[in-house]
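For reference, the structure discussed in these notes is given below.
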Amino acid sequence: MSGKIRIKYSGLIVFSSKIFSVFTGLIFVALVTRNLSVNEFGIWQYLTLILSYVVFPSALIPYWVTRFYARGSPVAKASIISNMIVSLPFFTIFLISAPLASTIIKTNLSLFYLISIQIFLVYLSTSLEALALAKKPHLLGYETIAFESAKIALALILFTILKLGLKGAIATIILAYLTQCLTLTFFLRRELIKEKGFDWRILRKWFSNIWLPLFNAFPTFIGSLDLFVLAALTKSAFSLAFYKVASSVATVISYSSTTTIALYPNLLKGGEKKDVEETLKFFLMFAVPMSFGAIFLAKPILHIFKPEYEAAALLLIFMAPQYFLKSLTHIFGNVIIGVERVDEKEASLKDILKSRLFKWPLLNYFRNGVAIILTYILVFFALNHFSSSLPLYAAFSCLLANIAADIFLFIKAYSNAVKAASFNFPLNKLLKCCSASIIMIIPLKVLNPVKSLETIFAIAVGSIIYFLCLFLIDFESKTLFKKIFTYVKKFNLWE
């Protein structure tokens with residue numbers, strides 16, 4: 001079994017790459033939203049939503065790959081080959097269902113065929129990511145930088161200069177995925193080359209037990225149905241556009257959970273509660289101020305995309321704390337399945353059904369079922385009671401349904417994670433981060449940004465003030481900053 005992965009180093013690399021992606025993402029989305037109509041942007045989100053239904057199985061084989069590879073099994077080549085096999089039937093299903101899907105929201109069928117190329121690249125990238133996560137999670141940071149850099153460069157060429165419109169935006173993402181796959185292949189080339197073959201027995205074991213990761217991944221599939229319900233009931237791309245543009249900002253908060261990237265493989269190798277507590281403290285340091293910032297700068301941030309999207313500020317204000325809870329739930333979920341040892345040896349079906357590997361996704365099923373039912377009820381209510389600003393009210397109804405479901409899952413995830421790993425939640429750290437964030441908000445309100453550059457400047461000022469306050473009131477943060485400074489100065493890694 002390979003050595004322990006450095007949690008802070010890997011987490012900081014991946015988180016830094018995600019922060020980089022925030023800026024590149026803002027540039028990309030601003031380019032797209034300012035050159036596409038709201039309807040075209042909604043159609044793109046609809047295409048992405050339909051695509052998500054056929055790429056969700058891309059995580060089935062990688063589920064086992066990470067667990068096996070982290071524990072020393074030579075499964076690098078098997079990971080790639082098996083996942084590409086899985087992609088074939090779902091690619092076929094996407095092509096067959098495209099004509100019907102294009103009629104729900106009137107969409108050019110050629111756009112479905114173009115975006116279908118992305119399916120193979122997603123399956124390949126998830127295979128490579130599973131290998132990187134198991135032993136070299138910092139590589140996930142490198143791939144993000146490669147993807148985002150390629151995305152901006154390609155967008156300027158295909159979308160802005162050549163004026164290819166929506167097709168150019170889709171092609172940009174496809175080529176960026178290709179760049180991402182090539183980057184990971186390059187950094188994992190030694191592991192791939194030194195494996196002369198692969199054990200077919202492992203491959204058979206994965207496929208015979210594929211029901212468990214399928215059961216684990218299916219809640220993600222079900223979870224996206226709420227947006228499908230929203231689109232189907234409203235018969236409009238506008239509600240979807242408002243919801244997705246707000247969530248694209250709120251998603252930035254979830255990037256802070258990438259600071260915990262090394263926790264899961266460490267727990268697979270026998271990590272302890274100290275790892276969980278250390279990871280949570282590191283996560284809170286970034287997630288709390290990002291949540292506060294999204295709430296108090298909701299309107300100016302959305303203005304960056306397009307003035308019309310300022311109407312979605314109410315959505316973002318509610319989404320910010322929601323995504324904070326979702327990120328914590330994700331961490332607790334990794335704790336729950338990371339400490340499970342049932343699959344280290346041959347386990348019977350009965351053993352697996354009794355394990356946390358089965359019980360955790362079961363909770364996700366319940367959460368998503370509640371979200372879909374509530375979405376239908378609340379959106380239907382909005383359709384019958386709000387004639388003005390209907391797209392916004394419909395999107396907000398969908399959001400409220402998800403918030404209720406996420407609160408339930410958060411409570412269950414926390415209680416189960418504590419039982420599994422017996423850790424203490426760092427409330428003291430949370431209070432310090434909240435205090436520093438409140439102080440940060442004062443100059444933001446004074447600056448009161450309106451234009452895009454003013455908003456970016458305000459975010460930079462707020463970040464400096466927050467970390468300065470945290471440096472003064474939190475000893476652990478002060479120690480961490482000193483370690484970062486030492487690393488930058490000496491180009492050495494800390495333990």
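The values are calculated or read from the model by the stated rules, or taken from the named source; none is laboratory data. All figures in this text were calculated on a predicted structure; none of them were measured in a lab. Using ideal geometry, Cβ is built from the backbone for each residue, glycine included, and neighbour counts are taken over all protein chains shown.
Do you know which residues across region 443-454 are in a helix (DSSP H, G or I) and farther than 27 Å from Phe282 by Cβ? Result: Lys445, Val446, Leu447, Ser452, Leu453, Glu454. Test Ala262 against the stated conditions and say whether it is in contact (Cβ under 8 Å) with a residue 40 or more places away in the chain, in contact with a Pro (Cβ under 7 Å, 6 or more places away or on another chain) and among the small types (Gly, Ala, Ser). Considered against the rule, which asks whether it is in contact (Cβ under 8 Å) with a residue 40 or more places away in the chain, in contact with a Pro (Cβ under 7 Å, 6 or more places away or on another chain) and among the small types (Gly, Ala, Ser), Ala262 comes out as yes. Checking Thr33 against (1) surrounded by fewer than 17 Cβ atoms within 10 Å (Cβ to Cβ); (2) in a helix (DSSP H, G or I); (3) at pLDDT below 80; (4) of a type in the set (S, T, N, Q), only one condition comes out false. Which one? Thr33 satisfies every listed condition except (1). Within region 126-148, the set of residues being of a type in the set (Phe, Trp, Tyr) and within 22 Å of Ser87 (Cα to Cα) comprises Phe147 only. Are any of the residues in region 429-444 free of Cβ contacts under 8 Å to residues at least 12 places away in the same chain and over 23 Å from Ala241 (Cβ atoms)? Within region 429-444, one or more residues are free of Cβ contacts under 8 Å to residues at least 12 places away in the same chain and over 23 Å from Ala241 (Cβ atoms). Among the residues of region 379-395, the one identified as in contact with a helix residue (DSSP H, G or I) (Cβ under 6 Å, 6 or more places away or on another chain), in a helix (DSSP H, G or I) and among the aromatic types (Phe, Trp, Tyr) is Tyr393. Suppose the filter is closer than 30 Å to Leu131 by Cα and in contact with a Pro (Cβ under 6 Å, 6 or more places away or on another chain); does Leu268 pass it? No; evaluated as a whole, the condition is false for this residue.
Are any residues in region 464-482 surrounded by 16 or more Cβ atoms within 10 Å (Cβ to Cβ) and either at pLDDT 90 or above or on the phi > 0 side of the Ramachandran plot (or both), and if so, which ones? If the condition is that a residue be surrounded by 16 or more Cβ atoms within 10 Å (Cβ to Cβ) and either at pLDDT 90 or above or on the phi > 0 side of the Ramachandran plot (or both), then Ile465, Tyr466, Phe467, Cys469, Leu470 are the ones that fit. Being surrounded by 18 or more Cβ atoms within 10 Å (Cβ to Cβ) and more than 26 Å from Asn424 (Cβ to Cβ) is true for just one of Asp351, Asp343. Which residue is that? Result: Asp343 is the single residue among Asp351, Asp343 that is surrounded by 18 or more Cβ atoms within 10 Å (Cβ to Cβ) and more than 26 Å from Asn424 (Cβ to Cβ). In this entry, Ala30 is excluded by the filter for residues that are touching an Asp or Glu at 6+ places or on another chain (Cβ under 8 Å) and in the same structural domain as Ser110 (by TED's automatic domain parsing). Taking the listed residues Phe23, Phe15, Phe28, the one that is in contact with a Phe, Trp or Tyr (Cβ under 8 Å, 6 or more places away or on another chain) and either part of a helix (DSSP H, G or I) or among the polar types (S, T, N, Q) (or both) is Phe15, with no other qualifying. Among the residues of region 330-378, those that are part of a helix (DSSP H, G or I) and touching an Asp or Glu at 6+ places or on another chain (Cβ under 6 Å) comprise Val342, Arg356, Leu357, Ala371, Ile372, Thr375. Scanning region 378-391 for residues that are in contact (Cβ under 8 Å) with a residue 24 or more places away in the chain and either touching a strand residue (DSSP E or B) at 6+ places or on another chain (Cβ under 8 Å) or surrounded by fewer than 21 Cβ atoms within 10 Å (Cβ to Cβ) (or both) returns Phe380, Leu383, Ser389, Leu390. Residue by residue through region 201-228, note down the ones that are charged (D, E, K, R), under 20 Å from Ser87 (Cβ atoms) and surrounded by 16 or more Cβ atoms within 10 Å (Cβ to Cβ). Passing the criteria: none in range.
Restricting the first member to region 99-111 and to residues that are outside the structural domain of Ser236 (by TED's automatic domain parsing), and the second to residues that are of a type in the set (D, E, K, R) and surrounded by 12 or more Cβ atoms within 10 Å (Cβ to Cβ), no beta-carbon pair is closer than 6 Å while six or more apart or on different chains.
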